[in-house]
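The values are calculated or read from the model by the stated rules, or taken from the named source; none is laboratory data. For clarity, every value in this text was computed on a predicted model and none was experimentally measured. Don't worry about glycine lacking a Cβ; one is built from the backbone with ideal geometry, like all the others, and counts go over all protein chains shown.
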Amino acid sequence: MPLLPVVLLVLAALLIVLLIVSTIWQFSVPVPFVPSSKAAVRAMVQAAELRSGQTILDLGAGDGRVLREACRACPGLRAIGVEAVPTTCFVGWLRSWCTRDGILWHRGSLFDYDVRHADCLFLYLYPKVMQQLLPKLDRELRPGARVVSHDFPFPDREPTTTYLVRARVRDHKIFVYDWPAKYQ
Ligand SMILES: C[S@@+](CC[C@H](N)C(=O)[O-])C[C@H]1O[C@@H](n2cnc3c(N)ncnc32)[C@H](O)[C@@H]1O
């Protein structure tokens, strides 16, 4: 039997298995992979006002597009993507490996990842998860750390700044918090 069709068949089977595993795994996380639009990504990175040498995290990094734009806009960052779904994390890692963008990847829950060393966090999570995340951020984030959240604010906390991003499909809001964020 010729080798090429066998290899292609095995690769196709692997791809199908990966897609099935990924789909099933998505149900186990509270927020699905919905990538930030280009306009929102640009606005988030601008709102972060990054400086070379800073450590930035995307909690629920998806394919890493926010971190990638941040590293492009501000060379010399230490960027870490935390992503729960293995296949999404693998896609992000693969893109980083192919483009040599320097992003580090951590596969696991954002609730278990220590954020003490972060200068800036990027978030695109649902309101319930934002609420659950608050006590952890209050415990771990160092004063002056910046949190940039796409579309969803923290309950009862006053953002330092809010930006409206006009886009073709729908408008977005970017909420910026400088820690410790004040109660409203
Ligand atoms: C709305 S997407 C945002 C992706 C990316 N940050 C962006 O802005 O394009 C949310 C991501 O968070 C991930 N996620 C959800 N719950 C998580 C958890 N507990 N720990 C780590 N990642 C999680 C999902 O798998 C998904 O990729």
(request) Could you name every one of the helices (runs of 4 or more DSSP H) located completely within segment 1-89 that has at least 3 residues being within 28 Å of Val169 (Cα to Cα) and modelled with pLDDT under 95? (result) 3-26
(message) Give me the residue from segment 24-49 that is buried (at least 21 other Cβ atoms within 10 Å of the Cβ) and over 14 Å from the mean Cα position of the chain (by Cα) and, out of that set, farthest from the ligand (Cβ to nearest atom).
(response) Ala47
(message) So, in segment 127-155, how many residues would count as being more than 21 Å from Val34 (Cβ to Cβ) and buried (at least 18 other Cβ atoms within 10 Å of the Cβ)?
(response) 4
(message) If I ask for residues that are within 13 Å of the ligand (Cβ to nearest atom) and of a type in the set (S, T, N, Q), which ones from segment 80-102 would you list?
(response) Thr87, Thr88
(request) Output yes when any residue across segment 157-170 is within 11 Å of the ligand (Cβ to nearest atom) and not hydroxyl-bearing (Ser, Thr, Tyr), and no when none is. (result) no
(message) Go through segment 107-119 and report how many residues are within 19 Å of Pro180 (Cβ to Cβ) and either within 13 Å of the ligand (Cβ to nearest atom) or among the acidic types (Asp, Glu) (or both).
(response) 3
(request) Identify, by number, the condition in (1) touching a residue at least 12 places away in the same chain (Cβ under 8 Å); (2) under 15 Å from the mean Cα position of the chain (by Cα) that Ser52 doesn't meet. (result) (2)
(request) Could you please find all residues in segment 50-62 being more than 7 Å from the ligand (Cβ to nearest atom) and either under 20 Å from Tyr113 (Cα atoms) or of a type outside the set (D, E, K, R) (or both)? (result) Leu50, Ser52, Gly53, Gln54, Thr55, Ile56, Leu57
(message) Pull out all pairs, ordered by first then second residue, where Cβ-Cβ is under 7 Å, the residues are six or more apart or on different chains, the first lies in segment 167-184 and is crowded, with 18+ Cβ neighbours inside 10 Å, and the second is aromatic (Phe, Trp, Tyr).
(response) Ile174/Tyr163; Tyr177/Phe154; Ala181/Phe154
